[in-house]
Amino acid sequence: MKTYHLLISGLVQGVGFRYFTFRRARKLGIKGYVRNTADGKVEIYASGPEERLEDFVTVVSRGPMYADVREVDKEELPYMPFDDFEIRP
């Protein structure tokens, strides 16, 4: 089990990115949360089995249809157990 902290940059707010991320996380059994940041990025904390996390990172690196992902900063953290995956304000 691993935890990643992801910061997604580009045109990622106002395009359904958080809901896209939420649906993909639920489908893959990833726990954690997603939220918009004040500087226009999307921040994700994601925990789960390594193979599923890598699949999740691949999917969110592309984003939903109207997003334009320019950069994905990925940092591995000590495992953080979350109860579920949620959208935070």
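The values are calculated or read from the model by the stated rules, or taken from the named source; none is laboratory data. All of these numbers come straight from a predicted model, not from anything done at the bench. Please note: Cβ atoms are built from the backbone with ideal geometry, for glycine as well, and neighbour counts cover all protein chains shown. Only protein heavy atoms, including side chains, enter the accessible area calculation; ligands, DNA and RNA are left aside. Shrake-Rupley method; radii C 1.70, N 1.55, O 1.52, S 1.80 Å.
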Review point. Do we find that Glu71 is open to solvent by 30 Å² or more (accessible area, probe 1.4 Å), within 14 Å of Thr3 (Cβ to Cβ) and out of contact with any helix residue (DSSP H, G or I) (no Cβ under 8 Å at 6 or more places or on another chain) in this structure?
Key: no
Practice item. Scan the range 1-49 for residues that are β-branched (Val, Ile, Thr) and closer than 14 Å to Asp68 by Cα and jot them down. Key: Ile8, Val12, Val15, Val42
Review point. Cβ-Cβ below 7 Å, separation at least six or inter-chain, first residue in the range 72-89 and in contact (Cβ under 8 Å) with a residue 40 or more places away in the chain and of a type in the set (D, E, K, R), second part of a strand (DSSP E or B) and open to solvent by 100 Å² or more (accessible area, probe 1.4 Å): which pairs?
Key: none
Point to revise | the range 1-46: number of residues that are in contact with a Leu (Cβ under 7 Å, 6 or more places away or on another chain), of a type outside the set (A, V, I, L, M, F, W, C) and part of a strand (DSSP E or B) | key: 5
